[in-house]
Every structure is written in C-alpha cells, then in structure tokens.
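Q: This is the structure I have questions about; it appears just below.
The values are calculated or read from the model by the stated rules, or taken from the named source; none is laboratory data. As the structure is a computational prediction, the values presented were derived from the model and not from experiment. Glycine gets a Cβ as well: all are built from the backbone with ideal geometry, and neighbour counts include every protein chain shown. SASA here: full protein model, heavy atoms, side chains in, ligands and nucleic acids out. Shrake-Rupley method; radii C 1.70, N 1.55, O 1.52, S 1.80 Å.
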Amino acid sequence: LDCALDWAMDLLSNKVNLCYKLRSERSLSGDIVALQWSPKMDLLALANSDGSVVLNRLSWQRVWITSPGHSSVTAISWRPDGRVLVVGHKDGLVTLREVEDAKILHKFNIGIEIMQLSWAAYPKFSCSGYQDNSSLFTCLLQPLDENDYETAVDPNQLASCDDGTPSVLMIGDVSGSVYLYVSGLFHVATVRLHSPVEKVVWTMLSRDLKYLLVVSANGEKLMYYSFTIPLLKPRISELNLVALKFAFISCLIKYINVALKGMSEAWEDALLLMDAKMADYAVVLPSLLYADVNQFDYRTYQTVQHLQMNC
C-alpha cells in the first residue's frame, strides 16, 4: 500500500512518464469480459462473453480455447507461478485449468455469482516441527489407458507452486463475501462485509498474512475494509499440508470414479455380447431339438464351434 501511495504521489508531481508505445492492435470477434497477463508477461488470458476462455502468446499465437459454457465468465486470475489459470463463472463455478492444454485440474462451486479473483504466493513459515511422511503411502496415479490424461494429475503440482511456496486464492462474490482457499483447493475462511448488497471488486492479503484488504462497490459508492487475520500466518504451513492431502484425496476419488465407470462400461459390453451370442444360439436350438439322433452330435459340435469362433 505504501508503494502505491508513493507511485500516486510521483504521478501527481509529474515524475512518472505515462507515454507508452503501441506494439500491436487486434480486432476480436466478440466482447471481452475479463483479461489478465500471466506473471511472466508472456501469456494473455481472455474471457469472452459467450463463456469461452482463450489463451494467447505475446505474438498473439493462440495456445488453446475452451468451448462456450452454460454460464458466462466473470473473472480470471493466475496462480503466482503461471502454471494454473483459475476461472470464475456467473453461477459460482470455479475451475482450475492447466496452462499447457486447458485440462481441468479441479473445480468447485460457491453457489453465487463471482465478481473478483486474486491469487498470491507467500513465503514459507515455520511448521512447528511437523514432518510429512504421506509419500510413503501414496504414489502418482498412472493413466488408466494410453489416451487418458485426466486422471494422471500430480497432487504436488496441483497443491503448490513450482518452488513449493504456499499460496492463497481469494474469491469475492456479488453479495459482499470473500472466500479464502489455500492453494486454490482448501476452503479455510469466509469474510462477510457489513452490507449484503456490496459487490467485492478488489482483494489483497498483506505479505505477512496479517491483514486482508477489501474494496467493495455499492452503486457509485466505494468502501474500503481492512480485516485482521491473526490465525493465518502461524498456521499457513499446516494449512498448505492439509491442502496437499486434500489434493491427494480429490485426485484419488476422481481416479476411482473413472475406473469404476470404465469397469461398468466393460461389463455392459460383455452383457450385450453375451445376449447376442445367446440369441444366435436360440436360432439354432430348435433345429437341434428335432434333428435325427444320428445327426445330433455332429450338429451340436457345429453349433458349439460356431459360437466359439464368434466369441
């Protein structure tokens, strides 16, 4: 906040040069409702009015585009390491997408229209001597087949930045509430403003994790709030470990659901195949019942051989 005030004072005293050179200009086919540069300033995420999200490079080369959704996009934000893009929707859906191929890593719904998203990383703090040994009992889930990449998600990559620093995702809704999610996965707190008609337009956590700053809008009136959160800093490392366990459990549940679905489909295919074979056998069976005794063994052999060749 002090840096922002210093920059504003320099701007008022004409010490800041605001002359910019136009690099390029593009025309788009639809309206843009939200856009944000990646932390490395090499990728630009754009949310269209039809609910689709486009990721472009600095040269405007398209990386990927998602199909239009049933609900419009209202906000987007980047994980601090630039590996995950979070997208908020009007119906309250929050999706975490991988930057490389737009794969959905995780999703949840807060049940109300999202107005603002912000994601920030924070330095590691002491963890009161706790040692995590969960790697002794868990392993990376392998794809169920060569074309399945949805279930092969590394929980460590999902739950933390590349350098392992903890992060907090802040979600502001249309009714004056702010939701805090450690690593963008585990819900740890909900902060409600004084009036339910205030829309959250900006949120930020201080670097020492002691203060939550919120700006809300009520018509043309802007309100600024500063909340103290004394329990977040001394427990951020433990919460980050809990978020990692949550990621492991979430990936495991998804993996089991996909495996059970595949087993159910394979069983249904086997039943359909068995029904078809039994129908073929029912066609041949009447001729066997009224066949001559001398020809019965030979016809039975032919029927069994026919069924075996078609199984």
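Q: If Asn48 passes every condition in (1) more than 29 Å from Phe246 (Cα to Cα); (2) open to solvent by 60 Å² or more (accessible area, probe 1.4 Å); (3) not hydrophobic (A, V, I, L, M, F, W, C) but one, which one does it miss?
A: (2)
Q: Quick check on my filter: what residues within segment 178-204 are in a strand (DSSP E or B), surrounded by fewer than 20 Cβ atoms within 10 Å (Cβ to Cβ) and not aromatic (Phe, Trp, Tyr)?
A: Passing the criteria: His187, Val188, Ala189, Thr190, Val191, Arg192, Lys199, Val201, Met204.
Rundown of residues vs (1) open to solvent by 50 Å² or more (accessible area, probe 1.4 Å); (2) over 28 Å from Ser237 (Cβ atoms), yes/no style:
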| site | (1), (2) |
| --- | --- |
| Lys40 | yes, no |
| Asn56 | no, yes |
| Ser77 | no, no |
| Leu93 | no, yes |
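Q: Within segment 235-248, is even one residue open to solvent by 100 Å² or more (accessible area, probe 1.4 Å) and at pLDDT 80 or above?
A: Yes, there is a match, as at least one residue in segment 235-248 is open to solvent by 100 Å² or more (accessible area, probe 1.4 Å) and at pLDDT 80 or above.
Q: Among the listed residues Ser24, Ser71, identify the single one that is in a loop (DSSP other than H, G, I, E, B), polar (S, T, N, Q) and open to solvent by 30 Å² or more (accessible area, probe 1.4 Å).
A: Just a single option satisfies the conditions, and that option is Ser24.
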